[in-house]
1. Scan segment 41-51 and give yes if some residue there is surrounded by fewer than 20 Cβ atoms within 10 Å (Cβ to Cβ) and under 22 Å from VAL129 (Cα atoms), otherwise no.
2. Only residues that are of a type in the set (S, T, N, Q) and either surrounded by fewer than 24 Cβ atoms within 10 Å (Cβ to Cβ) or away from the ligand (no atom under 12 Å from the Cβ) (or both): list them for segment 111-136, please.
3. Going by the conditions given, is TYR66 on the phi < 0 side of the Ramachandran plot, surrounded by 15 or more Cβ atoms within 10 Å (Cβ to Cβ), of a type in the set (Phe, Trp, Tyr) and more than 14 Å from the chain's Cα centre (by Cα)?
4. Considering (1) closer than 22 Å to GLY125 by Cα; (2) without any contact (Cβ under 8 Å) to a residue 24 or more places away in the chain; (3) not acidic (Asp, Glu), say which one ARG29 fails and leave the rest.
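Every number here is computed from the coordinates shown, using simple stated rules; none is lab data. If you're wondering where the values come from, they're calculated on a predicted model, not measured in any experiment. Cβ sites come from the backbone with ideal geometry, for glycine too, and all protein chains shown count toward neighbours.
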Amino acid sequence: MIIDYVQARERMVQEQLVSRGINDPRVLRAMAKVPRHLFLESELWDDAYGDHPLPIGADQTISQPYMVALMAEALGLKGAEKVLEVGTGSGYTAAVLSELGAEVFSVEIVEELALKTRAILSSLGYRSVSILVGDGTLGWEEHSPYDGVVISAAAPCIPRPLVEQLKIPGHLVFPMGEKELQTLVRIRKDKTGIREEYLGECLFVKLRGRYGWED
Ligand code: SAH
């Protein structure tokens, strides 16, 4: 079967994103542009633009397109911001953030995934993404502070170092909760302190590391 991937992405944008209320035109453009299938093994390409996560090896998944778009929109990026991502995985979310104009610093705990993803991002020309192998719940202090931080795995609590590494003002967007019960949370840090907002239910793999779930 020959698939028109450009058309598949347009359909994904209309049917999965616009229909659920994603309306930031920059986010929609980025989602229409990033070739999601190229972040997956070729056996999965036919299914790449479906409304679900997919396996990427090491028991991990590429996030559902809607969740990537929702988190990107929640960060409120205008272009040229510095963003920290925890959980690089396939690199798809990092690529979307990069299309939004951000300089992306992404931390991945599984070395095998980090190395593979670094090669894919570089072959696709995403030069504004840097990947570090390590525990992302500790952040990446060297490049802090960040305008936005996004965690692509579910955390048991707010990882304190990530709030500390946020600029004022800045947003931290992450899923909080257990295996089957998670809420997408947005923390806003400003001069008056920290505010928490709930953006709805979601389903991510569990976050590991110091401020994650125990292995
Ligand atoms: N946004 C990614 C999602 C990958 S799934 C994508 O679309 O492909 C979540 C990723 O978080 C996994 O690759 C997992 O290995 C990684 N991860 C889990 N705990 C982590 C931690 N403490 N630090 C860094 N990465 C972590």
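1. yes
2. Correct list: SER122, SER123, SER128, SER130.
3. So TYR66 fails the test.
4. If we test ARG29 against (1) closer than 22 Å to GLY125 by Cα; (2) without any contact (Cβ under 8 Å) to a residue 24 or more places away in the chain; (3) not acidic (Asp, Glu), just (2) comes out false.
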